[in-house]
Amino acid sequence: MATITDRKLTLTHDHTKKTVRAVVTCKVNFTALERFQMNGAPQGSFFKLKCQLWGADSGLFGDDDFLFTYPEVFFFPDPTPAATESRTFTVLLGEGVLDEDAGQDEVYGLLRLTNLSNPLLSVKKKTNEVSHSF
């Protein structure tokens, strides 16, 4: 099954404009069998990569809070298929989107790679958590 590696979230807060640039980067690694299937098949997509931002919660508050879904969606194979594909999700948000706790906020990216021929083989991976007050 394909894997998602080198996952990283970077948040750049502009206090004056009250905005945050949220950048998630990752690599998607395909197995030899997946590459063979994608290269030998007629036009079409086998995988879809999406990303969301979540607020991490622990203790008494329970479940993590959904914050944002990036509008970009990447499909594979792309016009130049490779064993490892690097992808970047970038958005400029109002700081209030990431303000999910009183005080310090903990935000992470959640990457989801869906196998379009068999959704049960989908993969979800988290990025690093970034702590900041928004």
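The values are calculated or read from the model by the stated rules, or taken from the named source; none is laboratory data. The structure displayed is predicted, hence computed values, not measured ones. Cβ sites come from the backbone with ideal geometry, for glycine too, and all protein chains shown count toward neighbours.
Below, the figures for the structure above:
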| item | result |
| --- | --- |
| Those residues of region 111-134 which are part of a loop (DSSP other than H, G, I, E, B) and surrounded by 17 or more Cβ atoms within 10 Å (Cβ to Cβ), in sequence order | Thr127, Phe134 |
| So Phe76, is it without any contact (Cβ under 8 Å) to a residue 12 or more places away in the chain and of a type in the set (Phe, Trp, Tyr) | no |
| Among (1) outside any loop (DSSP other than H, G, I, E, B); (2) modelled with pLDDT of 95 or more; (3) within 21 Å of Ser131 (Cα to Cα), the one test that Val28 misses | (3) |
| Checklist (1) part of a strand (DSSP E or B); (2) modelled with pLDDT under 95 applied to Gln43, failing item | (1) |
| Residue that is modelled with the highest pLDDT [pool: residues in region 56-110 that are part of a strand (DSSP E or B), acidic (Asp, Glu) and under 21 Å from Thr25 (Cβ atoms)] | Glu85 |
| Any hit, region 37-48, residues being more than 21 Å from the chain's Cα centre (by Cα) and surrounded by 17 or more Cβ atoms within 10 Å (Cβ to Cβ) | yes |
| Matching residues in region 5-36 - criterion: being under 14 Å from the mean Cα position of the chain (by Cα) and surrounded by fewer than 12 Cβ atoms within 10 Å (Cβ to Cβ) | Thr5 |
| Selected residue [among the acidic types (Asp, Glu), within 14 Å of the chain's Cα centre (by Cα) and crowded, with 18+ Cβ neighbours inside 10 Å] from Glu100, Glu85 | Glu85 |
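For (1) of a type in the set (A, V, I, L, M, F, W, C); (2) more than 13 Å from Gly109 (Cα to Cα), each residue gets a yes or a no:
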{"site": "Leu11", "(1), (2)": "yes, no"}
{"site": "Thr16", "(1), (2)": "no, yes"}
{"site": "Cys26", "(1), (2)": "yes, no"}
{"site": "Leu49", "(1), (2)": "yes, no"}
{"site": "Val73", "(1), (2)": "yes, yes"}
{"site": "Gly94", "(1), (2)": "no, yes"}
